[in-house]
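The values are calculated or read from the model by the stated rules, or taken from the named source; none is laboratory data. Small disclaimer: the values here were computed from a predicted structure and weren't measured. Virtual Cβ from ideal backbone geometry, glycine too; neighbours counted across all protein chains shown. Quick note on the areas: whole protein, heavy atoms, side chains included, nothing else; ligands and nucleic acids left out. Shrake-Rupley method; radii C 1.70, N 1.55, O 1.52, S 1.80 Å.
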Amino acid sequence: MTASRKPIVGGNWKMNTNTESGTALARAVADVFPDIAGADHAVEAFVCPPFPFLAQVGEVLQAAGGGIALAAQDIYHEPSGAFTGEVSAAMLKDVGCTAVLLGHSERRHVIGESDELINKKTHAALEAGLTAVLCIGETLDQREAGKTDAVNKHQLTKGLEGVSTDQMADVVIAYEPVWAIGTGKTASAEDAQAAHAAIREVLANLYDQKTADATRIQYGGSCKPSNAAELFAQPDIDGGLIGGAALKAGDFLDILRAAAASGA
Ligand code: PGA
């Protein structure tokens, strides 16, 4: 973490929780978050509940003071119409979302989303005024073949195609090596830092150094209280996107504490 960028931590609840457990989790985190962020708002936070619970979780977050942003796990790029099962940017805004994940590895590798579709979704999110959290990362095969940086460059270049320098102020990158997601295997702090530095270099080439230096790059993949501080201490790691550990209020709060301390 570098002092000029504010750390940002997101909780990706994936296809977990229900009305009762989701609102309870949100309440437990939101009640403590202001003490962690402090008067100088040392860390930004968002949570991504499943679509059916967005509105109720949003109410809980608002009631607690609104310090934690409400985010969605996905979006569809068309504004409305015959797209059964899909959810538009306007709908997400209507229920209080201010951010959305794009191209999460499970969307890419389980559901089969292409770079082109993810790019369309990124534009839809940004045009609606949502923060776009663009997720990228290599598979184990790609890492073992030495293709980590090439994969990240490709996914960044395609995902951000047509996104302006001004719009980059509303983009967060989440680097999540696929082999580390939900597996308990975390990238070493050194490997993660190397990937993040390479990602920042791609951003500098696509845009300019100032934009690259201002863009937050989260790490995701088995991030937990025991490894968060070391990861967030790396100069190019600006917080995390948290899956499993975000389902336990105590763990997520500890990760938020580590992020708040990393920016100090
Ligand atoms: P994990 O998931 O923390 O459970 O590995 C991270 C993510 O997929 O965002």
Original post:
By per-residue mean of other Cβ atoms within 10 Å, what is the highest-first order of 251-257, 211-217, 116-122, 15-21?
Top reply: 251-257, 116-122, 211-217, 15-21
Original post:
What is the spin-label model distance, in nm, from A229 to T183 if the labels are put 7 Å beyond Cα along the C-beta direction?
Top reply: 2.7 nm
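Measure up K93/K185; K153/K248; K147/K248; K6/K224; K120/K224 against 30 Å on the Cα-Cα distance and list the ones that go over.
Beyond 30 Å: K93/K185; K153/K248; K147/K248; K120/K224.
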Original post:
Which log10 I(q)/I(0) values, to two decimals, does the chain give at q = 0.08, 0.13, 0.17 Å⁻¹ under the Debye formula with one point per Cα?
Top reply: -0.27, -0.77, -1.40
Original post:
Residues with amide H under 5 Å of G240's amide H, sequence separation 5 or more or different chain, H placed in the peptide plane at 1.01 Å from N; which?
Top reply: I8, V9, G10, Y219
Original post:
Residues with amide H under 5 Å of A69's amide H, sequence separation 5 or more or different chain, H placed in the peptide plane at 1.01 Å from N; which?
Top reply: A45, F46, V47
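Between Q62 and K158, what length comes free when the chain is fully extended (0.36 nm per residue of separation minus the Cα-Cα distance, one decimal in nm)?
On the way: separation 96, 0.36 × 96 = 34.56 nm, distance 3.52 nm.
Extra length available between Q62 and K158 comes to 31.0 nm.
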**OP:** Could you do me a favour and compute the accessible area per residue for region 51-129, 1.4 Å probe, result in Å²?
**Re:** 47 Å²
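So between K248 and D208, what do we pick up on full extension, going 0.36 nm a residue minus the alpha carbon distance? Present the calculation step by step, with values, prior to reporting the outcome.
Details: separation 40, 0.36 × 40 = 14.40 nm, distance 3.87 nm.
Stretched out fully, the K248 to D208 stretch lengthens by 10.5 nm.
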Subject >> J(HN,Hα) series, region 154-164, from Karplus relation 6.51 cos²θ - 1.76 cosθ + 1.60, nearest Hz, glycine and proline x >> reply: 4, 5, 5, 4, 6, x, 9, 3, x, 7, 7
Subject >> Peptide ranges 181-189, 77-85 listed from the most packed, as the mean C-beta count within 10 angstrom indicates >> reply: 181-189, 77-85
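Which of rounded, prolate or oblate describes region 139-264 when judged by the alpha-carbon gyration tensor and an a/c cut-off of 1.5?
Details: a/c = 1.93, a/b = 1.32, b/c = 1.46.
It comes out oblate by the Cα gyration axes.
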Subject >> 3J(HN,Hα) from dihedral phi, region 126-137, Karplus parametrisation 6.51/-1.76/1.60, rounded to Hz, x for glycine, proline >> reply: 5, 5, 7, x, 8, 6, 9, 9, 8, 9, 9, x
Subject >> Karplus 3J(HN,Hα) series, Hz, for region 64-75 with 6.51 cos²θ - 1.76 cosθ + 1.60 (x for Gly, Pro) >> reply: 7, x, x, x, 9, 7, 9, 10, 9, 7, 6, 7
